[in-house]
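The values are calculated or read from the model by the stated rules, or taken from the named source; none is laboratory data. None of the values given here were measured: they were computed from a predicted structure. As a convention, Cβ positions derive from the backbone with ideal geometry for all residues, glycine included, and neighbour counts pool all protein chains shown. We work out accessible area using only protein heavy atoms, side chains counted, and drop any ligands, DNA or RNA first. Shrake-Rupley method; radii C 1.70, N 1.55, O 1.52, S 1.80 Å.
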Amino acid sequence: MFRGTFTALVTPFRNDSIDVESFERLIEAQIAGGVTGVVPVGTTGESPTLTHQERRQLIALAVQTAKGRCQVIAGTGSNSTRDAIAHTQEAQELGVDGALLVAPYYNKPSQEGLFRHFEAIAKSTSLPLMLYNIPGRCAVDIGADTVVRLAQACSNIVSIKEASGSVDRVSELAGRLPNGFTILSGDDSLTLPFLSVGAVGVVSVASNLFPAEIVRLVRAFLDGNLVDARQLHRKFLGLFKDLFIEPNPVPAKTALAWRGAISADCRLPLVEMSKANEERLRKTIDELERTLR
């Protein structure tokens, strides 16, 4: 169901409001670059700072702009099961193709709690669902046993965005999950290593800036063009790293602002990049663009 390149969209702001035109242009650029899908209102979209009305607005805009030309997977997870259910049902009403469910954060449920949380959401919707495992942000890990149990118990849980940083975890999941259940990298810098052990795509931050190139990297590997995939990985590795020298999505929005695509504005508690890190990021992007000419 979910394989290829999905862009974790930034949310453009202007004067602390949603910049609708910039958001629509960003999605058009992703479609032109050949992405499989876009992911609005995720972590990269600063979802914790969005009001309910803004979340709804952004999901609706993504669906209306995509017009079926790429998939739209809405970030609907929460550390409240009741809220996650409500968000997911609303996203389904708005016409999305799927939902991304981050692990509950802060309250640190047990593995049984995680299972029941995701099971309850799955039972509340007919949408295909993608789990999102990112223990570095959530302080809880969706264990491999729990992922396998969910895949067996819930037919509409069909994918996982794996951001544990562990190639071993992806190897284990690929060997244990049912046929058709897909694993996507949640870290640009680990896309190629994860693909090599069974992942079939990425939910990417870097594709906000370079959609066509990230699409090429994933397609090259899946088509068996390993040399091309390795070359692209090596070219982009510096950028993959530097997009996280400050909290995501600050570097990505800063780079998009240099192009005139959006304002670099983020909402507190995120703030602008330091001058030193701005210089580092600009140098990395300048060097990368020279290699792509």
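Details
- Selected residue (criterion: most open to solvent (accessible area, probe 1.4 Å)) from residues of the range 184-198 that are under 27 Å from Lys253 (Cα atoms) and not in a helix (DSSP H, G or I): Asp187
- Within the range 17-30, one or more residues are more than 26 Å from Gly180 (Cβ to Cβ), among the polar types (S, T, N, Q) and open to solvent by 20 Å² or more (accessible area, probe 1.4 Å).
- All positions within the range 135-149 that are over 19 Å from the mean Cα position of the chain (by Cα) and either crowded, with 22+ Cβ neighbours inside 10 Å or farther than 15 Å from Pro104 by Cβ (or both): Ala144, Asp145, Val148, Arg149
- Screening the candidates Glu172, Glu162 for the property of being charged (D, E, K, R), closer than 30 Å to Gly238 by Cβ and open to solvent by less than 10 Å² (accessible area, probe 1.4 Å) yields one hit, Glu162.
- Criterion applied to Leu288, Leu270, Leu243, Leu226 was being open to solvent by 50 Å² or more (accessible area, probe 1.4 Å) and not β-branched (Val, Ile, Thr), and the one residue passing it is Leu226.
- Enumeration of residues in the range 200-234 that are under 23 Å from Val10 (Cβ atoms) and small (Gly, Ala, Ser): Gly201, Ser204, Ala206, Ser207, Ala212
- Qualifying residue in the range 85-94 (condition: open to solvent by 10 Å² or more (accessible area, probe 1.4 Å), touching a Leu at 6+ places or on another chain (Cβ under 7 Å), at pLDDT 95 or above and not small (Gly, Ala, Ser)): yes
- Qualifying residues in the range 26-42 (those that are in contact with a strand residue (DSSP E or B) (Cβ under 7 Å, 6 or more places away or on another chain) and among the β-branched types (Val, Ile, Thr)) - the one farthest from Ala66 (Cα to Cα): Val41
- Cβ-Cβ under 9 Å pairs, at least 6 apart or on other chains, the range 195-216 side of a type in the set (Lys, Arg), far side part of a loop (DSSP other than H, G, I, E, B) and surrounded by fewer than 24 Cβ atoms within 10 Å (Cβ to Cβ): Arg216/Gly34
- The range 200-234, residues that are outside any helix (DSSP H, G or I), in contact with a Leu (Cβ under 6 Å, 6 or more places away or on another chain) and small (Gly, Ala, Ser): Gly201
- Boolean, Thr81 is over 30 Å from Gly260 (Cα atoms) and either touching a helix residue (DSSP H, G or I) at 6+ places or on another chain (Cβ under 7 Å) or at pLDDT below 95 (or both): yes
- Applying the criterion of being touching an Asp or Glu at 6+ places or on another chain (Cβ under 9 Å) and of a type in the set (Asp, Glu) to the residues of the range 1-60, the residue that is nearest to Ile160 (Cα to Cα) is Asp19.
- All of (1) open to solvent by 40 Å² or more (accessible area, probe 1.4 Å); (2) closer than 17 Å to Ala199 by Cβ hold for Tyr132 with one exception: (1).
- Each residue in the range 56-99 was checked for being under 16 Å from the mean Cα position of the chain (by Cα) and either of a type outside the set (Asp, Glu) or over 17 Å from Ala8 (Cα atoms) (or both), and 15 pass.
- Looking only at residues of the range 166-183 that are part of a loop (DSSP other than H, G, I, E, B) and over 23 Å from Leu217 (Cβ atoms), we find that the one that is modelled with the highest pLDDT is Leu177.
- Among the residues of the range 136-159, those that are more than 18 Å from Thr81 (Cα to Cα) and either among the hydrophobic types (A, V, I, L, M, F, W, C) or modelled with pLDDT of 95 or more (or both) comprise Gly143, Ala144, Asp145, Val148, Arg149, Ala151, Gln152, Ser155, Val158, Ser159.
To keep it simple, each residue is scored yes or no on (1) touching a residue at least 40 places away in the same chain (Cβ under 8 Å); (2) touching a strand residue (DSSP E or B) at 6+ places or on another chain (Cβ under 9 Å); (3) on the phi < 0 side of the Ramachandran plot; (4) assigned to a helix (DSSP H, G or I).
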site	(1), (2), (3), (4)
Gly238	yes, no, yes, yes
Ile245	no, no, yes, no
Asn248	yes, yes, yes, no
Ser263	yes, yes, yes, no
Leu268	yes, no, yes, no
Arg280	no, no, yes, yes
Thr284	yes, no, yes, yes
Glu289	no, no, yes, yes
